[in-house]
1. Between a residue in the stretch 171-189 that is assigned by TED's automatic domain parsing to the domain that holds ILE158 and basic (Lys, Arg) and any residue that is surrounded by 17 or more Cβ atoms within 10 Å (Cβ to Cβ) and in a helix (DSSP H, G or I), which pairs come within a Cβ distance under 8 Å, given they are 6 or more apart or on different chains?
2. Can you tell me which of ALA412, ALA362, ALA356 is away from the ligand (no atom under 16 Å from the Cβ) and in contact with a strand residue (DSSP E or B) (Cβ under 7 Å, 6 or more places away or on another chain)?
3. Is there a residue being touching a helix residue (DSSP H, G or I) at 6+ places or on another chain (Cβ under 9 Å) and without any contact (Cβ under 8 Å) to a residue 12 or more places away in the chain anywhere in the stretch 124-131?
4. Name the residue that is nearest to the ligand (Cβ to nearest atom), counting only residues in the stretch 387-408 that are among the basic types (Lys, Arg) and crowded, with 18+ Cβ neighbours inside 10 Å.
5. Let me confirm something: among ARG289, ARG316, ARG326, ARG277, which residue is open to solvent by 30 Å² or more (accessible area, probe 1.4 Å), within 60 Å of the chain's Cα centre (by Cα) and modelled with pLDDT of 90 or more?
6. Given ILE238, ILE255, which one is outside any helix (DSSP H, G or I), over 23 Å from MET314 (Cβ atoms) and of a type in the set (Val, Ile, Thr)?
7. Between a residue in the stretch 386-406 that is assigned to a helix (DSSP H, G or I) and any residue that is more than 8 Å from the ligand (Cβ to nearest atom) and open to solvent by 40 Å² or more (accessible area, probe 1.4 Å), which pairs come within a Cβ distance under 8 Å, given they are 6 or more apart or on different chains?
8. Checking the conditions here, which among THR323, THR315 is without any contact (Cβ under 8 Å) to a residue 60 or more places away in the chain, of a type in the set (Val, Ile, Thr) and either over 30 Å from GLU409 (Cβ atoms) or out of contact with any Pro (no Cβ under 7 Å at 6 or more places or on another chain) (or both)?
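The values are calculated or read from the model by the stated rules, or taken from the named source; none is laboratory data. This is a predicted model, so every value here is computed, not measured. In this analysis, Cβ positions are derived from the backbone assuming ideal geometry, glycine residues included, and neighbour counts consider all displayed protein chains. These accessible areas exclude ligands, DNA and RNA; they are computed on the full protein's heavy atoms, side chains included. Shrake-Rupley method; radii C 1.70, N 1.55, O 1.52, S 1.80 Å.
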Amino acid sequence: MTTWLGSLGDRWLTFMHSIRFRLTLWFVLILALVLGVFSTFIYVTQTRNLRFDAVARLQAKFVQVQGYLGGAEWEHFEIAGNDVSEASVPLQGGDLLILVDTGGSVLGRWGAAISDPKAVVGALVTTASQQPDASVHESTVAIVGKDKQATSSDYLFIMSPMVHDGRLLGYLVIGSQSDLLSQQRRLGLSLGLGSLAMLAIAFLGGLWLSDRAMRPVTAIARAAQTISESDLGRRLDIGGRDELADLARTFDAMIARLQAAFDRQRRFVADASHELRTPLTIINLEVARALSGQRPVSEYRRAMEVVDAESGRMTRLVNDLMTLARMDSGQAILKFEAVDFSDVALEAFERMTPLAQQRQIALEIGELPELKVSGDRQYLIQMISNLIENGIKYCDAGASVRVELLKKENQAMMRVADTGPGIPAEHLSTLFDRFYRVDTARSHNDQPGSPSGSGLGLSIVSWIVHAHRGTIRVESEVGKGTNFEVALPLT
Ligand code: ADP
């Protein structure tokens, strides 16, 4: 029971917070405002018209009565009181006539008998004193019938001062049964009930409409819930041209990007483990062979050299992986400063000289004009070193690698050119991809002391160049050599 109530409460809360409900509520509130203004306008104008008509009718009657009484002697009338016979006063059924003196005392009355004429007269005198132009008053009064029974009835009263020879003698009050108040009440009731009914219909209609409008959102949410990390191939595939179809397409595009990112990530992890497995296998084999029996010292030495080369290779690989991971996660924060590009190239050149000597490659330096670029010195050194190292690694002994710098328009262009084996044209477009190697066998050179690669060097180079808002280009001809050109904007 409690859980049932709890789930009902939850559903109610969810409904209250739903866009459907809020939309409907706003819609109803705005409609209520419009209806309120409209009804008030109708009520005020209609009431005014009704009152105007009723007052006009009463005034006509009043003029008639005044005309009749105009012939009477006011002085005499005042003293004589009700010497005017009821039948002779032109009153209709339910009408009443009251004469009051200036103090508000009733001098005479004809027609329907109201139980408390003084109160009516008091109200009229008060109105007249507050607003001299308005001497009309409407109220519900008790009428005493012939059987002495009082029945309440709505009356409209009009009052006029009686002046004789410039002297105020009193007031003439005439009252006529009026349905003004009941008409007002009926009008108010109709407008109120009508508005309420319209609001109720609008609320239900609004709920239905917003429910229909929100249906695709629910469908999107359900479909999105079924898409998991391992199921990124699924799409919402919601057709149509409306905003929600647009949203679904955006969502699908986002999932496609996520899928590509996940795929890249998976490939990266698989490639990384594969790359680490090769040196580990070699180390295991070498160690197992060395331990399998008594061997000459030279063989132990050779085994240790292989282990050293492979652990060096793993260290480089792990370093490259860490660099890429930092770059991907945005942790590789570049410290931009004004850097002399020639200085950086020279430092990379010096760093690579021992390797070039070891591999019997002629590492040459060309023109190095002073060209200032904005960049991170350490990353720029790493970028040039990678390019020079590749030249040294992939060229055979006797070849040359040349580094030079030149100014091209408003760019500093650094060229690393070698006279090595070159790269076949079909590999050039994917050369900067992670773990991409042209010739795996050639790249994995497990000769002790010789450099080897895992296909990460150029992707790091490309990342650094682009982070410096630069461009990188490669030209290569098989058998002749390779030429890398990095252009960075000058400061
Ligand atoms: P690695 O770490 O294996 O050197 P890179 O990303 O630096 O990976 O290079 C990718 C591939 O491009 C290498 O496997 C190599 O085959 C080729 N390559 C790069 N530079 C040269 C070059 N100067 N001459 C010939 N081939 C090169």
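1. As it stands, the answer is none, since no pair meets every condition given.
2. On the way: ALA362 fails: away from the ligand (no atom under 16 Å from the Cβ); ALA356 fails: away from the ligand (no atom under 16 Å from the Cβ).
Selected residue: ALA412, the only one of ALA412, ALA362, ALA356 that is away from the ligand (no atom under 16 Å from the Cβ) and in contact with a strand residue (DSSP E or B) (Cβ under 7 Å, 6 or more places away or on another chain).
3. First pass over the stretch 124-131, keeping only residues touching a helix residue (DSSP H, G or I) at 6+ places or on another chain (Cβ under 9 Å): none.
No, because not a single residue in the stretch 124-131 is touching a helix residue (DSSP H, G or I) at 6+ places or on another chain (Cβ under 9 Å) and without any contact (Cβ under 8 Å) to a residue 12 or more places away in the chain.
4. LYS393
5. Values: ARG289 fails: within 60 Å of the chain's Cα centre (by Cα); ARG316 fails: modelled with pLDDT of 90 or more; ARG326 fails: modelled with pLDDT of 90 or more.
None of the others qualify; the one that does is ARG277.
6. Numbers: ILE255 fails: outside any helix (DSSP H, G or I).
That would be ILE238, the only listed residue that is outside any helix (DSSP H, G or I), over 23 Å from MET314 (Cβ atoms) and of a type in the set (Val, Ile, Thr).
7. Cβ pairs passing all conditions: ILE392/ARG359; LYS393/ARG359; LYS393/ASN445.
8. Numbers: THR323 fails: without any contact (Cβ under 8 Å) to a residue 60 or more places away in the chain.
THR315 is the lone residue from the list that is without any contact (Cβ under 8 Å) to a residue 60 or more places away in the chain, of a type in the set (Val, Ile, Thr) and either over 30 Å from GLU409 (Cβ atoms) or out of contact with any Pro (no Cβ under 7 Å at 6 or more places or on another chain) (or both).
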